Amino acid sequence: MEGCFGATPSENYASCFESRCCVAPELFGCFKREDKQWAECLPYSHMGMDAATGSCVGTSGWLCPNQWLVPSPPALPPPAPPPPAPPVAPSVVRLSLARTKGTVSTLRTWLILGGIAFGIAVGSLSYVLCFRRAVAPHLTSVVDEDAAEVGMSMSEMGPRAVNGKAADGGVRE
């Protein structure tokens, strides 16, 4: 048994039930009464020693220290090493994120430019289809010109009037 459980070892011939050790461990040991919760620092020489081995054998009513004390718990393992330092160079994830950020920026730019081009194309087509007669009457179809010369409207010519001919095959003038 190494070390004391209490703050200080017990004096010779004093109670050692709590401290479990004595001031002079070479000469005195902490002997316990067999039938009581009591231990006392007593000299080894008076408590019975085996002549051949030199170990304590105790006397009637008293237990030797090695018979009732449990060994000290093992020493604590050394503390764990500190965690490794963070890497100095940027990680693969960080580099990938930087590349992805550039790609997303490029795709966003192309998407905006595509939207603008689409808007211009739709606006141009709408202008050509809806407003060209009012702005440029010379670009109207031949059917409209023929009907205007004769003085008839498209509704008067019938639903299938093409190139100045009525749907019934007759020519209108």
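Just so you know, all these numbers are worked out from the coordinates, no wet-lab data involved. Values in this document were obtained by computation on a predicted structure and should not be read as measured data. So basically every Cβ, Gly included, is an ideal-geometry build from the backbone, and we count neighbours across all protein chains shown.
Under the definition of Cα pairs under 8 Å and six or more residues apart, what whole-number percent is the relative contact order of region 1-128? List each step's numbers first, then the result.
On the way: 135 pairs, mean separation 20.2, N = 128.
The normalised contact order for region 1-128 reaches 16 percent.
Between Asp50 and Val93, what length in nm is gained on full extension when 0.36 nm per residue of separation is reduced by their alpha carbon distance? Display every interim value, and only then the final one.
Working: separation 43, 0.36 × 43 = 15.48 nm, distance 7.33 nm.
Net length gain for the segment: 8.2 nm.
Let's see if you can work this out: charge +1 on each Lys and Arg Cβ, -1 on each Asp and Glu Cβ, no other charges. What is the dipole magnitude of region 1-72 about its Cα centre, in debye to the nearest 20?
On the way: 4 positive and 8 negative charges, 23 e Å.
So the dipole magnitude of region 1-72 works out to roughly 120 debye.
log10 I(q)/I(0), Debye, Cα-only region 1-130, no solvent, q = 0.09, 0.11, 0.22 Å⁻¹?
Listed by q, the Debye log ratios stand at -0.53, -0.63, -1.22.
Based on the mean of other Cβ atoms within 10 Å per residue, sort peptides 93-103, 57-67 so the most packed one is first. List each step's numbers first, then the result.
Working: 93-103: 9.7, 57-67: 15.3.
Going from most to least packed, we get 57-67, 93-103.
With the contact rule set at Cα under 8 Å and sequence spacing of 6 or more, what percent relative contact order holds for region 1-72?
Numbers: 135 pairs, mean separation 20.2, N = 72.
Computed over region 1-72, the figure is 28 percent.
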